[in-house]
Amino acid sequence: MTTAQTAQFHPDGRLRHLLTLEGVPRQTLLHLLDRAGQIRDAAVGRVSRREVLAGTAVCTLFFEPSTRTRSSFQLAAMRLGADVLNFDASTSSTRKGETARDTLKNLEAMGVRGFIVRHPDDGAVAALAAEAGEGTALVNAGDGRNAHPTQGLLDMLTLRQAKGADFSKLKVLIVGDVKHSRVARSDLHALRTLGAGEIRVCGPAELLPGDEVTAGCIVGHDLDAMLEGVDAVMMLRLQRERMEEGLVPSLEAYHARYGLTTQRLRRAAPDAAVLHPGPINRGVEMTDEVADGPQSWVLRQVANGVAVRMAVLEHLLG
Ligand code: NCD
């Protein structure tokens, strides 16, 4: 295991931080998913567990934009009774040159115990975790292209809801810019640990990562062929900066080859579940018809995100 992987555990094997799903044992993943499922089934929004983190201060520390991840962490922490602070790098002393480490240390000095951190650089959250004091827990809310563990967990919870808890016969296809995607990396870690039957990865050659990321997966460039018989399709956002980098010729060309349409989706198993972490570029990764159609699990992913984040915060700080 790498240091980032071992650093997230207490000596007794419990999670201290959640930095990556890589190296998290199957039992721990299952425990978090079961717990999130219980919370979700108790009805998102109405479940009151305000005693769990009463008196605990939690801060969302975001050095990059976010809609879903940040709001759902805020709601999750509030529903557990935490005092929630929101730090936005664009309106803080980060603009005056304060380092992320100093920001963390200052908030820690105020008594904040839980930090939910998003950062544009790979490994930045693990580096901050190494600076954190004894009783402080960090959750990685996305670092560069490296990891987005709670997105991985909420995707797994959604797959369980759609297809059942036994992943051994499941054929899952991940489509798009896998190379730059922290979501794909965390999904791949979780799918492997949970024993997914077959994992396929599809995208243009320029947007697919090396073997170290896709080991054990079936990799291909032809979406129609790769869709054949899959039980779930996990679409990724096309990051528009990839066009500026010349990795994608145009949005239209990308959509023509890698956009999910109702017609294409017919190649997948009947009732195949369609997932997307958001934000969706409508008409690029998928048509409106697919995004809003009967096979779309996109909004259930969002709802599951709150439950997963409650389970994670409860586990680390409760
Ligand atoms: C993703 C992210 O920022 O990693 N969004 C999210 O958290 N749901 C995916 C993306 O921006 O493409």
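Before moving on, here are some points about what is shown:
- Helical content alone sets the calculated 222 nm signal of the chain at -11500 deg cm²/dmol, taking -39,500 (n - 2.57) per DSSP H segment of four or more residues and averaging over every residue.
- Working from label points 7 Å from Cα in the Cα-to-Cβ sense, the Thr262 to Asp224 distance is 1.9 nm.
- Taken as Cα centroids, segment 96-156 and segment 284-318 sit 22 Å apart, rounded to the nearest whole angstrom.
- Neighbour cut-off at most 13 other Cβ (10 Å), DSSP loop, trypsin sites (Lys or Arg not before Pro), segment 181-247: Arg240
- Built from the Cα atoms of segment 76-186, the convex hull projects on average onto 9.2 nm², one quarter of its surface area.
- Computed from point charges on the beta carbon alone (+1 for Lys and Arg, -1 for Asp and Glu), the dipole magnitude for the chain about its Cα centre is near 740 Debye.
- Extension gain, Ser71 back to Ala42 (0.36 nm per residue minus Cα-Cα distance, nm): 8.4 nm
- Annotation: Arg40 carries an accessible surface of approximately 50 Å², with a 1.4 Å probe and no ligand, DNA or RNA atoms counted.
- 35 Å tail of the calculated P(r), the chain, as % of Cα pairs: 18 percent
- If R0 equals 41 Å, the separation of the Cβ atoms of Asp88 and Arg14 corresponds to a calculated FRET efficiency of about 0.85.
- Label point distance in nm, Glu98-His31, each placed 7 Å from Cα along Cα→Cβ: 3.5 nm
- What the Cβ-Cβ distance of Glu241 and Lys105 gives, at R0 = 35 Å and to the nearest 0.05, is a FRET efficiency of 0.65.
- Burial ranking of peptide ranges 30-36, 124-130 (average Cβ count within 10 Å, highest at the top): 124-130, 30-36
- Length gained on full extension, Asp122 to Asp288: 56.5 nm, using 0.36 nm per residue less the C-alpha separation.
- Note on the chain: antiparallel DSSP beta bridges, both residues inside, total approximately 5 percent of the bridges counted.
- Using a probe of 1.4 angstrom and keeping all protein chains present, the accessible surface of segment 105-185 works out to 32 square angstrom per residue.
- Sorted peptide list for 74-86, 288-300, criterion being average Cβ within 10 angstrom, highest first: 74-86, 288-300
- Ordering Met286, Met243 by accessible surface, largest first, gives Met243, Met286; the 1.4 Å probe counts only protein heavy atoms, with every chain in place.
The values are calculated or read from the model by the stated rules, or taken from the named source; none is laboratory data. All figures in this text were calculated on a predicted structure; none of them were measured in a lab. Cβ sites come from the backbone with ideal geometry, for glycine too, and all protein chains shown count toward neighbours. Ligands, DNA and RNA are excluded from the accessible area calculation, which covers all protein heavy atoms including side chains. Shrake-Rupley method; radii C 1.70, N 1.55, O 1.52, S 1.80 Å.
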